[in-house]
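So the structure is just underneath, and the comments pick up after that.
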Amino acid sequence: MTPARPQSSTPPRVLAIAGSDSGGGAGIQADLKTMLALGVHGMTVICAVTAQNSVGVQGYWELPSEAVRAQLDSVLGDIGAQAIKTGMLASAELVATVCDVLADVAAPVVVDPVAISKHGDRLLSAGTVEMIRDRLLPLATVVTPNLLEAELLTGRKVTGQAQMLEAAKMINAMGPQWVLIKGGHLPGRPMDLLFDGARVIRFPAERIRSAHTHGTGCTFASAIASKLALGEEVPAAVKAAKEYVTGAIAAGFPLGAGIGPVDHGWQLRTAGLGTSLASAGAAD
C-alpha cells in the first residue's frame with residue numbers, strides 16, 4: 001500500500017461543545033465521527049460525561065465551569081474554528097460560560113438544544129432551557145430542535161406542520177438567524193422545516209423503518225456545522241446534512257440490547273464497496 005501524502009493545507013475546523021456518550025453513538029463521539037466523514041477537523045469541549053448505553057442513560061456528571069472555559073480558551077485561542085456546534089450543555093451555569101465566550105466569536109454557531117435523550121432521559125438541570133432561550137439562541141446561526149425541544153422552547157404543543165411553522169416563528173423571534181424544526185416524529189412522510197423570518201424551506205424525505213437511530217440529532221447538527229465550515233450557505237448546508245444523516249439512519253446497526261446507532265461511516269463503506277466491485281470487475 002502506498003503511504004498517504006501529507007495534506008497540503010489544514011482542513012476546516014469545527015468545534016463541538018457537548019457531552020460525552022460512553023456508548024459511542026451520540027454526543028461528542030457522534031460529532032467527531034460525522035466531522036471525520038465529511039472532511040473537516042473536529043475538536044471538542046466536553047461539558048458533561050454520561051454513563052450511557054443502548055438501553056438508556058444511567059447517569060451524567062457536568063464538568064466545572066472553569067474546566068469548560070479552559071477548554072474553550074485553549075482551542076479557540078490557538079486553533080480557532082470555522083464553525084461551532086453546541087449540544088448537551090447540562091446546566092444554566094455552563095450555558096452562561098459557553099455564551100460568554102461565543103459572544104466574541106465570528107464563526108457560525110449551530111445549536112442543537114439537547115434536552116432529553118433518545119430513551120427519554122432528561123439531560124438538563126433546572127433553569128437550563130430558559131438560559132438556552134435567553135442567551136444561547138441569540139448567538140445561533142441555526143438552531144435545530146426536534147418536536148419535543150420545540151415544545152420546551154415555546155411552551156406550545158407541536159402536532160402538525162402548521163404548528164411546526166408557528167413554533168419556528170416563535171423560536172426565530174428569540175434571536176437565531178435560522179430555525180430548523182425536525183419533523184421526523186410526526187406521522188406520515190417526514191418533513192423538516194427551515195425558517196429565517198421570511199423564507200420557509202421544507203425538506204421532505206422518505207421514512208426509514210429502523211430501530212437504530214441513536215445519535216440522529218447530534219449527527220444532523222454536526223453535519224450542518226461541517227458543511228458551513230466548508231463554505232456552504234445555510235439552506236445548502238442543511239440539504240447536504242440531511243442527505244448525509246438520512247444515509248446514516250438507513251445504515252444504522254444493532255448494538256447492545258436496545259437502540260443502536262446510526263452509521264456515521266456509511267459513505268466511506270459505500271465508496272469502499274464501489275472500489276471493491278470495480279476491482280473485481282477488472283480482475284474478471
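Values in this text are rule-based calculations from the coordinates and carry no lab data. Keep in mind it's a predicted model, so treat the numbers as computed, not measured. In this analysis, Cβ positions are derived from the backbone assuming ideal geometry, glycine residues included, and neighbour counts consider all displayed protein chains.
General remarks:
- Here the Karplus relation 6.51 cos²θ - 1.76 cosθ + 1.60, evaluated at θ = phi - 60°, turns the backbone of the stretch 218-229 into coupling constants of 4, 5, 4, 5, 5, 5, 4, 4, 4, 5, 5, 5 Hz, with x for every Gly and Pro.
- GluC sites (Glu not before Pro) within the stretch 146-242: DSSP coil, no more than 11 neighbouring Cβ in 10 Å: GLU206, GLU233
- Separation of the GLN177 and PHE253 label points, Cα + 7 Å toward Cβ, nm: 3.7 nm
- For the chain, with +1 on Lys and Arg beta carbons and -1 on Asp and Glu, the positive-most of MET164, SER222, GLN7 along the dipole: MET164
- Net charge of Cβ neighbours under 10 Å - reference VAL49; Lys, Arg +1; Asp, Glu -1: -2
- The value of relative contact order for the stretch 1-139, using C-alpha pairs under 8 Å at least six residues apart, is 23 percent.
- Charged neighbours of ASP73, selected by a Cβ distance under 13 Å, balance to -3 (K, R count +1; D, E count -1).
- Cα-centred dipole magnitude for the stretch 15-123, charges only on beta-carbon of K, R (+1) and D, E (-1), debye, nearest 20: 360 debye
- Once the trypsin sites (Lys or Arg not before Pro) in DSSP loops with at most 16 neighbouring Cβ atoms within 10 Å are cut out of the chain, the longest remaining piece is 1-155.
- Under-5 Å amide H pairs with TRP178, H placed in peptide plane, nonlocal only: VAL142, VAL143
- Mean separation of Cα contacts under 8 Å, 6 or more apart, over the residue count of the stretch 13-267: relative contact order %: 19 percent
- The mean sequence separation of alpha-carbon pairs under 8 Å and at least six residues apart, normalised by the residue count of the stretch 139-266, gives a relative contact order of 18 percent.
- For the stretch 230-247, backbone phi angles converted through the Karplus equation (6.51, -1.76, 1.60; θ = phi - 60°) give residue-by-residue couplings of 7, x, 6, 6, 4, x, 5, 5, 5, 4, 5, 5, 5, 4, 5, 6, 4, x Hz, Gly and Pro being listed as x.
- Test item: Cα-centred dipole of the stretch 13-267, Lys/Arg +1 and Asp/Glu -1 on Cβ, debye: 840 debye
- Evaluated at q = 0.07, 0.12, 0.14, 0.15 Å⁻¹: base-10 log I(q)/I(0), Debye formula over Cα of the stretch 13-267: -0.20, -0.61, -0.87, -1.02
- Estimated at 0.36 nm per residue, the fully extended path between HIS185 and ARG156 surpasses their Cα-Cα distance by 8.8 nm.
- Phi-based couplings in Hz for the stretch 40-47 (Karplus 6.51, -1.76, 1.60; Gly and Pro marked x): 10, 8, x, 10, 9, 10, 8, 9
- Local net charge near ALA225, Cβ-Cβ under 14 Å (Lys/Arg +1, Asp/Glu -1): +1
- Mean shadow area of the stretch 41-192 over all directions, Cα convex hull, nm²: 9.5 nm²
- Centre-to-centre, using Cα atoms only, the stretch 14-80 and the stretch 151-212 are separated by 25 Å.
- A compact globular protein would have a Cα radius of gyration near 2.2 N^0.38 Å; the ratio found for the stretch 126-206 is 1.02.
- Projected label distance in nm at GLN267 and GLN7, using a 7 Å step from Cα toward the beta-carbon: 1.4 nm
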